[in-house]
Amino acid sequence: QDIRLSGVVHIGELLRRAAGVQVMNVTAADTDVGIRGFNRLLSPRVLMLINGRSTYIDALGITLWDNQAISVEDIERIEIIRGPASALYGQNGFSGIVNIITRQAGQEPGTEVSVGVGNDGQVRGHVATSGRVGALGYRVFGGYRQYNMFTLPYSPNRVDLTYPVPDPSIANRSIQAGAQHRQPFAIGTPVRRHQRRCQRQAN
């Protein structure tokens, strides 16, 4: 509820409300997060998890906080550990862990739509529907984000340098889509009995 009432639309910006967390915005779509003062451009010291799974990009050595496949509306809660926790959560958790827990499929049946428009070409939209079919819970969501640069690194009128993209004023333009399902199994279902039979056959 606090996340929804804050009005924040960037995942990284939500962490400004947490004590001991430093958030730095390089562009409108680029957020770097540090804990206990260890923050810099492309900070690699805080491990971001989504439902317990790492989002760290090994090839780049960073976490892209605002380029995830979820939106703020998909978040149920955020758990923060301030301090080294690599022994429990894996590598790259040098200064802390941020674990984002998403809303469960079928927990809140209904459809929601969120649209926002701002100055300098900022546009965002999000739509999600959740429900149940018997014991099966499902959630389907999608969204669109477009954010402008704060400032251009160099003038577009320079003749000795050219931008590698057609519109350098756009910092991020992305589409997200996903689906979740949740099917609880009781103890003693045929699935478990089948697994036991396979184990006996293997032995």
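The values are calculated or read from the model by the stated rules, or taken from the named source; none is laboratory data. Just so it is clear, the model here is predicted, and its values are computed rather than measured. As a convention, Cβ positions derive from the backbone with ideal geometry for all residues, glycine included, and neighbour counts pool all protein chains shown.
So if I check each of ILE57, ILE78, which one is surrounded by 15 or more Cβ atoms within 10 Å (Cβ to Cβ) and hydrophobic (A, V, I, L, M, F, W, C)? Walk me through it before giving the result.
Working: ILE57 fails: surrounded by 15 or more Cβ atoms within 10 Å (Cβ to Cβ).
Testing whether each residue is surrounded by 15 or more Cβ atoms within 10 Å (Cβ to Cβ) and hydrophobic (A, V, I, L, M, F, W, C) leaves just ILE78.
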Looking at the range 83-99, I want the residues that are part of a strand (DSSP E or B) and have a partner that is among the polar types (S, T, N, Q) with Cβ atoms under 9 Å, at least 6 apart or on another chain. Which pairs are those?
ILE97/SER86; VAL98/THR63; ASN99/ASN51
Test of understanding: among VAL9, VAL33, which residue is part of a loop (DSSP other than H, G, I, E, B), buried (at least 18 other Cβ atoms within 10 Å of the Cβ) and in contact (Cβ under 8 Å) with a residue 12 or more places away in the chain?
VAL9
Kindly list the number of the only condition in (1) over 17 Å from the mean Cα position of the chain (by Cα); (2) part of a strand (DSSP E or B); (3) closer than 28 Å to LEU47 by Cβ that fails for ARG132.
(3)
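Given the criteria surrounded by 12 or more Cβ atoms within 10 Å (Cβ to Cβ), part of a strand (DSSP E or B) and either in contact with a strand residue (DSSP E or B) (Cβ under 7 Å, 6 or more places away or on another chain) or at pLDDT below 85 (or both), does GLN104 qualify?
Details: surrounded by 12 or more Cβ atoms within 10 Å (Cβ to Cβ): yes; part of a strand (DSSP E or B): no; either in contact with a strand residue (DSSP E or B) (Cβ under 7 Å, 6 or more places away or on another chain) or at pLDDT below 85 (or both): yes.
Judged against the criteria, GLN104 is not a match.
Given ILE170, ILE100, ILE175, which one is under 22 Å from the mean Cα position of the chain (by Cα) and either within 19 Å of ARG16 (Cα to Cα) or acidic (Asp, Glu) (or both)?
Numbers: ILE170 fails: either within 19 Å of ARG16 (Cα to Cα) or acidic (Asp, Glu) (or both); ILE175 fails: either within 19 Å of ARG16 (Cα to Cα) or acidic (Asp, Glu) (or both).
Only one candidate passes the filter, namely ILE100.
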State whether the residues of the range 64-71 include one that is among the hydroxyl-bearing types (Ser, Thr, Tyr), surrounded by 13 or more Cβ atoms within 10 Å (Cβ to Cβ), in contact with a strand residue (DSSP E or B) (Cβ under 9 Å, 6 or more places away or on another chain) and part of a helix (DSSP H, G or I).
no
Residues within the range 140-158 that are small (Gly, Ala, Ser) and over 20 Å from ASP66 (Cα atoms), tallied:
1
Does ALA202 satisfy being of a type in the set (A, V, I, L, M, F, W, C) and modelled with pLDDT of 65 or more?
no
